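Reviewing the structure listed below.
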Amino acid sequence: MSQFQTDPSPAVSIEDVSFSFGSIPVLEQVNVSIARGESISIVGPNGGGKTTLLRLILGLLRPDAGRIEVFGRSPVDARLRMGYMPQRAEHDPQFPVTVMDVVLMGCLGRPGPAGLMGWYGSAGRRDALEALDRMGMADLRRRSFAALSGGQRQRVLIARALACRPELLLLDEPTANVDAAGETRFLEVLRQLGREMTIVMVSHDLGFVAEVVRKVICVNRRVQVHPTSQVTGDVIRNLYEQDIRLVQHDLHLEH
């Protein structure tokens, strides 16, 4: 019996959450429950609150109202059980950091001197190398991070999120800058990871996410949750508040 079956409590519970940047409301009255072992996607227009919702789950932001729990604890207390790939990673191209150095950063925060000071032992390096291997980047572990292409950097950042062996994986636009061949490989990685952990992924590519998720969280200040099979053209038009071109490969819808 898997860990998901033995513990029926949700991985993420969001109750009546609202959040504003100053006087500008970003999220209002959000209620979402994400089961352990579930893979789910967050979609919505730019500025609609998708990344803010991820940061609230991570505990990087605190809600103005409502409550968020991750594995039954506050997001801050559960942070070591989460892996996160941000939408953008700022870096100085002159800084001499290798691919392996970047992935090892995902081990920071672990209990003990290694997690606090970055004195990575054999276990941390083994986890980092395994994460790189999953993303097809192990052969480039000694290469300068600045020398990589945009798609390669994206895969390294996903490996960094996996290096801590998370129970909850949060990905913000993971297929940005990834070519078609890279998407195909990443799709297979996601399917495998979905058997091991809970995945929450921000993406505009519904044709891609429909291959791996059964539910979609639609975010535009307020939130609605739909089974992937029910995300029709009308749902997308209402979400984005305009007509957009949508090709959803599994449902053969085009608008």
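Being more than 23 Å from Val43 (Cα to Cα), part of a loop (DSSP other than H, G, I, E, B) and modelled with pLDDT of 85 or more, is that true of even one residue in the stretch 167-181?
no
Do we find a residue being modelled with pLDDT of 85 or more, assigned to a loop (DSSP other than H, G, I, E, B) and surrounded by 14 or more Cβ atoms within 10 Å (Cβ to Cβ) anywhere in the stretch 111-129?
no
Quick check: is even one residue across the stretch 136-148 surrounded by 21 or more Cβ atoms within 10 Å (Cβ to Cβ), in contact with a Lys or Arg (Cβ under 8 Å, 6 or more places away or on another chain), under 27 Å from Leu80 (Cβ atoms) and not aliphatic (A, V, I, L, M)?
Checked against the condition, which is being surrounded by 21 or more Cβ atoms within 10 Å (Cβ to Cβ), in contact with a Lys or Arg (Cβ under 8 Å, 6 or more places away or on another chain), under 27 Å from Leu80 (Cβ atoms) and not aliphatic (A, V, I, L, M), the stretch 136-148 yields at least one hit.
For the stretch 144-175, how many residues meet the condition of being touching a residue at least 60 places away in the same chain (Cβ under 8 Å) and of a type in the set (A, V, I, L, M, F, W, C)?
Total meeting the criteria: 10.
Among what's in the stretch 89-110 and is small (Gly, Ala, Ser) and surrounded by 12 or more Cβ atoms within 10 Å (Cβ to Cβ), pick the residue that is modelled with the highest pLDDT.
Within the stretch 89-110, the match that is modelled with the highest pLDDT is Gly106.
Can you tell me which of Arg143, Arg185, Arg195 is in contact with a strand residue (DSSP E or B) (Cβ under 8 Å, 6 or more places away or on another chain) and among the charged types (D, E, K, R)?
From the options Arg143, Arg185, Arg195, the qualifying one is Arg143.
I'd like the residue in the stretch 203-255 that is more than 21 Å from Thr175 (Cβ to Cβ) and among the acidic types (Asp, Glu) and, out of all such residues, is modelled with the lowest pLDDT.
Step by step, filter the stretch 203-255, then rank; the result is Asp243.
Could you tell me which numbered condition Leu56 fails, if it satisfies all but one of (1) farther than 21 Å from Cys218 by Cα; (2) not in a strand (DSSP E or B)?
Unmet for Leu56, out of (1) farther than 21 Å from Cys218 by Cα; (2) not in a strand (DSSP E or B): (1).
Among the listed residues Ser2, Ser74, Ser23, which satisfies the condition of being at pLDDT 95 or above and surrounded by fewer than 19 Cβ atoms within 10 Å (Cβ to Cβ)?
Being at pLDDT 95 or above and surrounded by fewer than 19 Cβ atoms within 10 Å (Cβ to Cβ) holds for just one of Ser2, Ser74, Ser23, which is Ser74.
The values are calculated or read from the model by the stated rules, or taken from the named source; none is laboratory data. No experiment lies behind these values; they were computed from the predicted model shown. Don't worry about glycine lacking a Cβ; one is built from the backbone with ideal geometry, like all the others, and counts go over all protein chains shown.
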